[in-house]
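The values are calculated or read from the model by the stated rules, or taken from the named source; none is laboratory data. These numbers were taken from a predicted model, which means no experiment stands behind them. A quick note on method: Cβ atoms are made from the backbone with ideal geometry, for glycine too, and the neighbour counts reach across all protein chains shown. SASA here: full protein model, heavy atoms, side chains in, ligands and nucleic acids out. Shrake-Rupley method; radii C 1.70, N 1.55, O 1.52, S 1.80 Å.
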Amino acid sequence: MDFNLSPESKMMVKAAKDFCEKEIGPIIDEIIEKDDYPDDLLLSFAKARMLGLNIPKEYGGVGTTNLNTILITEELGKTGSVCAYPMLMNNSTAETIDYWGSEDVKKEFLPPLCDGSAYASTAFTEPGTGSDPRALTTTAVPDGSDFIVNGTKRYITGGNKKGYGVFYFKDEALKGEKGDVTAFIVDKSSEGYTTSAPWNLMGLEGMNCVDVFLNDVRVPGSSILGERGNGFKILLRWIAGERIQQAAYMVGLGQAALDESVKYLGERVVGGKPMGFMQGFQWMLAEMKGRLEACRYLTYRAACLQDEGNAIDIDSSELKVFVIPAIQEITRMALQIHGSYGYSKEYKVERLFRYAAHAGVVASSSEINKTIAGSALLKSRR
Amino acid sequence: MNIIVCIKQVPDVTEVSWDPETGSLIRKGIPSIINPNDKNAIEAALQLREMNGGEVTVISMGPSQVEEALREALGMGVDRAIQLTAKQFAGSDTWATAYTLGLAMKKIGQYDLIICGKEAIDGMTAQVGPQLAEYLGLPQLAYAMHIEVVDSKVRVKQKLGDLDRLLEAPMPALITVEREAYQPRVAPMDTILEAYGKEIPVWKPDDLNGEVENFGLTGSPTKLRKVYTPKLIKGKIEMLEGGPEDVARKFIGKLKEKYIL
Ligand SMILES: Cc1cc2nc3c(=O)[nH]c(=O)nc-3n(C[C@H](O)[C@H](O)[C@@H](O)COP(=O)(O)OP(=O)(O)OC[C@H]3O[C@@H](n4cnc5c(N)ncnc54)[C@H](O)[C@@H]3O)c2cc1C
Ligand SMILES: Cc1cc2nc3c(=O)[nH]c(=O)nc-3n(C[C@H](O)[C@H](O)[C@H](O)COP(=O)(O)OP(=O)(O)OC[C@H]3O[C@@H](n4cnc5c(N)ncnc54)[C@H](O)[C@@H]3O)c2cc1C
């Protein structure tokens, strides 16, 4: 068991840090103010070759490991900005297309996701369902070699940004069969594709979560991802990977919360003494650091399991069950350490606290993950 | 067009600490980085390559850990790296450094430009570039803010205080780059991966065809006799308030009080 990162990984982390300082730091305030990121954000990721990280070079990707991908995501998390999301949506959507797609599908859709010309989305949630994707109501009806799709998708990250999305629809021709959900790659500028204004979220300004209205959108049959009726499997595999990405982002937020707290405790004087001399705060730091390291290594381990080709559905659920509340608690402590300043938007910890809240309800809720991890333990006993 | 960039690995600190006994740098526990100014030199070379084609080679003299700095330069996108590491090179002053680098340039043979940083953050002499140009008999264009190749000549915009000068020289030539010019790029992730697949040759005195007595400490005419931190005189700060005349009077009074006047 080797806990050391390889020299390549270390240099990638360094480059990601450098990227965050040069490209992300200067635009954070504007993103928060406008609740949107600049259109060319994805291009700056592409220039630093941070897109298509897991995609083979022949399709325009970088061809590196999941571990390196999450190390980069962690660095982006430290900025306390939404910017990790457009990057990781492109990476995870491209990875899904690479895993399930036919050669033609890969050739068509992977290069634009890797070169930053297309923003990726993944769409399963609907007004009537989030946790139970089997209850989908959006439909795809065959029409010659095409399909006509109708319905509403809810909370689709980047659904309003030019590019492609993997959408999950009820495949009407498969009605009554065991698997009736099919994954389609939808061009977000198709006729009949419209979106709502972004949801006004508690945090993650610039996330661009929109409702997508599909009104007789024609999708060519050549855009089907994987086998027809296999959508549910594709979705579950994507979500499992997404949990690891999300955990890495959370570790980044947690590290930022700890860094801010250490800085603040070293500077702030209360009753003539720097706050850092007060034992109560030292204990808080110790708890924050201990939890953070546990979260970090659990996340790295999940990514390594993934790199070794293991199924990660259960491990990634266990990961989420531990990491989400732990990081949320770390950001809460950071807010508390900062006193009234922690409740002010002038301080980074305020938004770290708000941003950390999203993880319990995005890319499968905490409760669903507890159910997955807990029932798996019982299943193994049977 | 072939470009060679000289980089130095330095400790990552704004202020270096010294061992008062030996007079040497305390490097223990301090991470090493590419001299920040040398990253500007690398960036300049990469941009020139993008415009004019050719190859960029990076070279560094130092202990075995300079490999790390060279890998980082490869990660930024230079084509190849050469490492000068041998115990005979240790303790080089600027003369011996320029001599050793110069021999390496001769061994490389074919180049159009050599680009150095203006100065290293630790030694801070800003001499190595110019000395190397002297040794190789090349035109030297220092303090470059902008570099351009026009009709097989190199043009450099040079910043000298309030003055900007435009210099031109035939190639090969040596350029030293300012800290403010050519902000270094973020190393792209795929290039980083490639950087670890490349071989870095390590050249030793035998590879360089030089005079053994000219290398390292023995070859260095400058001897570091002593390094010390000047004693700071600690005192109290007193703010004098009032109008200019009033303050001046109070000030004179204070100086008299202390028998300075
Ligand atoms: C605090 C301190 C003071 C010193 N004072 C003197 C002194 O007064 N006289 C003296 O002769 N020596 C001095 N030395 C030794 C000197 O620093 C180095 O030994 C010498 O190799 C480089 O000089 P520099 O650091 O001043 O580099 P500079 O001349 O400031 O560096 C200019 C450029 O030369 C290139 N370069 C420098 N070193 C290397 C290298 N090893 N490999 C590749 N490229 C390189 C880089 O492009 C760099 O940006 C001093 C060292 C220290 C740490
Ligand atoms: C910022 C943000 C970004 C998002 N991005 C996307 C996106 O890009 N694409 C996309 O498709 N969706 C996206 N979503 C939607 C998100 O994935 C869903 O909100 C999530 O899956 C939960 O679904 P729901 O909101 O419908 O909750 P519901 O399913 O209605 O659940 C409500 C509550 O009941 C609990 N619950 C539900 N079922 C069970 C059960 N069987 N046992 C125990 N408890 C249960 C849940 O844990 C939750 O607490 C995003 C949401 C947000 C907030």
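The table below lists the values:
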| read-out | value |
| --- | --- |
| Loop chymotrypsin sites (Phe, Trp or Tyr not before Pro), region B:138-206 (other Cβ atoms within 10 Å of the site Cβ: 16 or fewer; DSSP) | B:Tyr196 |
| Proximal aspartates and glutamates to A:Lys320, defined as alpha-carbon separation beneath 16 angstrom and excluding residues fewer than eight positions away on the same chain | A:Glu74, A:Glu242, A:Glu293, A:Glu329, A:Glu367 |
| Between region A:28-55 and region A:94-164, the Cα center-to-center distance that results, in Å | 20 Å |
| Within chain A, helix-based [θ] at 222 nm, where runs of 4 or more DSSP H residues each add -39,500 (n - 2.57), nearest 500 | -16500 deg cm²/dmol |
| For chain B, the longest site-free run once trypsin sites (Lys or Arg not before Pro) in DSSP loop states with at most 10 other Cβ atoms within 10 Å are removed | B:29-222 |
| Surface per residue (accessible, 1.4 Å probe) for chain B, Å² | 56 Å² |
| Global geometry of region A:31-161, whether rounded, prolate or oblate, following the gyration tensor of its Cα atoms and the 1.5 cut on a/c | oblate |
| FRET efficiency estimate (nearest 0.05) - Cβ-Cβ, A:Trp283 to B:Leu232, R0 51 angstrom | 0.85 |
| Where B meets A: accessible area buried, both sides, 1.4 Å probe, Å² | 1400 Å² |
| On Cα atoms only, tilt of A:279-307 relative to the major axis of chain A in degrees | 30 degrees |
| Interface residues in region B:50-85 - accessible area drops by 40 Å² or more relative to the isolated chain, probe 1.4 Å | B:Glu72 |
| Rg(Cα) / (2.2 N^0.38 Å) computed for chain A, rounded to two decimals | 1.00 |
| Per-selection Kirkwood Rh - region B:1-148 (Cα, Å, 1 d.p.) | 15.7 Å |
| Accessible carbon and sulfur surface of region A:121-229 relative to its total accessible area, %, 1.4 Å | 48 percent |
| Accessible surface of chain B [probe 1.4 Å, protein heavy atoms]: carbon and sulfur percent | 53 percent |
| Estimated distance in nm for a label pair at B:Trp18 and A:Thr194, the labels positioned 7 Å out from Cα along Cα-to-Cβ | 7.5 nm |
| Helix A:84-100 axis, angle to chain A major axis (alpha carbon atoms, nearest 10°) | 40 degrees |
| Accessible area expressed per residue, chain A, with surrounding protein chains retained (probe 1.4 Å, Å²) | 44 Å² |
| Distance between modelled label sites at B:Glu148 and A:Glu21, nm, 7 Å Cα→Cβ extension | 3.1 nm |
| Chain B, helix-only ellipticity at 222 nm - DSSP H runs n ≥ 4, -39,500 (n - 2.57), divided by all residues, nearest 500 | -9000 deg cm²/dmol |
| Reachable lysines, given that their alpha-carbon falls under 28 Å from the alpha-carbon of A:Lys162 and they are not under 8 places away in the same chain | A:Lys17, A:Lys22, A:Lys34, A:Lys47, A:Lys57, A:Lys78, A:Lys106, A:Lys107, A:Lys153, A:Lys170, A:Lys188, A:Lys233 |
| Spin-label model distance (nm) - B:Ile260 vs B:Glu199, 7 Å beyond Cα toward Cβ | 6.7 nm |
| Under 5 Å, built H, 5+ apart or other chain: amide partners of A:Gly163 | A:Tyr119, A:Lys188, A:Ser189 |
| Occluded residues from region A:42-60, i.e. those whose accessible area drops by 40 Å² or more once the chain is not alone (1.4 Å probe) | A:Ala48, A:Arg49 |
| Shape of region B:98-190, Cα gyration tensor, a/c cut at 1.5 | rounded |
